[in-house]
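All of the numbers you see were taken from the coordinates with simple rules; none came from a lab. Keep in mind the model is a prediction, meaning the values are calculated, not measured. Cβ: placed from backbone, ideal geometry, glycine included. Neighbour counts: every protein chain shown.
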Amino acid sequence: MTAPEPQHIVIIGGGIIGCCTAYFLSRHPLYHPSTHSITLIEATTIAGGASGKAGGLLAKWAYPSCLVPLSFRLHARLAEEHAGAQRWGYRLVECGQLGATARTLATSRPSSTASGQGPAESLGKRLGLDKTLKAAGLPEGLQWVAPDAVTSYEEMSKTGDTAQVHPELFTRSMAVLAKERGVNIVYGQAKSVGKTDGRVQSVTYTDKETKEEKIVSADTVVLTAGPWTQNLYSAAPIVGLRAHSVVVRPSKPLSSHALFTQIHLPAGFSRLKRAQLVTPEIYCRPDNTAYACGPGDQLVPLPSTSDDVQIDQSRCQDVIDQIGAISDELRDGEVLVRQACYLPVSEAGGGPFIGETSVKGLIIAAGHTCWGIQNAPGTGLCVSELVLDGKVKSANIQSLDPTKAGM
Ligand SMILES: Cc1cc2nc3c(=O)[nH]c(=O)nc-3n(C[C@H](O)[C@H](O)[C@H](O)COP(=O)(O)OP(=O)(O)OC[C@H]3O[C@@H](n4cnc5c(N)ncnc54)[C@H](O)[C@@H]3O)c2cc1C
């Protein structure tokens, strides 16, 4: 960037990308609260979108490879600096692919899979990985998976290559730490980015409480609105894919595994007319819960805010039935959360997009697909360098340049 040193920095969106951006800006050596103001505008609540409802898996084998190593390292560093193990459940995990055949449920429940509502879409985490499951014994610790259900198991990464955080707690912690260093967090929906001579000048938003329209000056605007990015910058090829997930407290403590499953559901399972293969992901968490998510769907368009996301209870029930069919501990556990959110995906494939757009001072950091939790600290650091040093120093992210995608 050749722009003068920014004074007023406005971040739009308090998901994990916006909060990590605020955190790294507020810790940049050139940042000083007396010369820079940083305002983060959030429409609903911090981590109210996918950042509060994601699984939280972190992996050296994620993508894009230009950002992953930096971000994986930063997660470890942040956890060390701020007691992340206690504060947001950071830990290394074992990760494997599990093939299984569903056992009959004690009680059969109606299922949306059975009623055949629209095609299911992969969230894409396993892209590039061998999808063929090799027959293998279960490792120690996985006793909570019913042995009579298992058909195969394969480790997906070596020790130290996969970790996890509780994404909502992590995102909220980043916001608190940024606020402690002077970032101003305001609640309201950004309506437009004002420009003069091709350069950003202000952001107009509707205050959440008073419903008043307010204007905040800006030399730099960082757009981190996830699947809503297009509402503020129409050239952004980013759309939302809805996905459902659940959190269960198991009847007995589980291990520290993340499992990518392929579960064969025979005809008759939960009123299914035909046999089906489903792929819920199951992440055990250190707070003695298990998170599980199902596939994406495009049945309901992105609503105007994260508060208006429609939850299809039958889709949550499908996930609960499927994971209960391979584990007594999960079947007999207590379902704590049933939720849905929108994954930010790129219409043209690829993503995330990180960098300055053709509008001077307008930076995009969005479209992180299924690896936004993993890649958030790296994104935040790169954006803080772009804003305050004028160029990204910590990674070569030229391939993520938004102007290459017509922005
Ligand atoms: C089911 C599921 C599981 C996932 N699991 C993982 C995982 O295990 N590991 C991983 O790395 N990633 C995972 N992801 C992906 C990850 O959740 C996303 O990539 C990431 O949360 C995107 O963060 P974000 O900040 O860009 O968007 P969001 O979390 O959507 O945040 C955007 C924010 O912007 C706000 N906003 C929008 N418009 C405006 C406006 N006009 N004004 C003000 N604020 C606005 C919203 O309210 C929201 O808070 C998963 C996603 C899903 C759906």
Within 14 Å, Cβ to Cβ, of HIS244, how many net charges do the neighbouring residues add up to if Lys/Arg are +1 and Asp/Glu are -1?
-2
The stretch 258-341 pair-distance distribution - Cα-Cα, 10 Å bins, rounded %
15, 46, 31, 8
In deg cm²/dmol, rounded to 500, what helix-only [θ] at 222 nm does the chain give when every DSSP H run of at least 4 residues adds -39500 (n - 2.57) and the total is split over its residues?
-6000 deg cm²/dmol
The chain - percent relative contact order, Cα under 8 Å, separation 6 or more
28
In square nanometres, what is the average projected area of the Cα convex hull of the stretch 211-284?
11.1
Express in % the proportion of alpha carbon pairs of the stretch 358-407 at distances exceeding 12 Å.
66
Using only the Cα atoms of the stretch 1-100, each taken as one equal point scatterer with no solvent, compute I(q) by the Debye sum, divide by I(0), and report log10 of the ratio at q = 0.12 Å⁻¹.
-0.55
Kirkwood hydrodynamic radius of the chain from all distinct Cα pairs, in Å?
21.7
Using 5 Å bins from zero, what percent of all Cα-Cα pairs in the stretch 156-279 falls into each bin?
2, 7, 9, 12, 15, 13, 10, 9, 8, 8, 5, 2, 0
By average C-beta atoms within 10 angstrom, highest first, the peptides 195-202, 318-325:
318-325, 195-202
Stretched fully, the stretch from LYS208 through SER157 gains (0.36 nm per residue minus C-alpha distance, one decimal, in nm) 13.9 nm
Springs between alpha-carbon atoms under 10 Å, Gaussian network over the chain: tell me which of ALA50, ALA225, ALA348 tops the mean-square fluctuations.
ALA348
When TRP88, TRP228 are arranged by how many other beta-carbons sit within 10 Å of their Cβ, fewest first, they go TRP88, TRP228
Fraction of beta bridges assigned by DSSP in the chain that are antiparallel (%, nearest 5)
70
What angle do you read, to the nearest 10 degrees and between 0 and 90, between the alpha-carbon axis of helix 167-180 and the longest principal axis of the chain?
20
With Cα coordinates, the longest principal axis of the chain makes an angle with the long axis of helix 313-324, in degrees rounded to 10, of 50
How long are the semi-axes of the equivalent ellipsoid of the stretch 216-368, defined as square roots of 5 times the Cα gyration tensor eigenvalues? Whole Å, largest first.
36, 17, 14
Å³ per residue enclosed by the Cα convex hull of the stretch 301-407:
166
Which order do the peptides 25-34, 372-381 take when ranked by the mean count of other beta-carbon atoms within 10 Å per residue, highest first?
372-381, 25-34
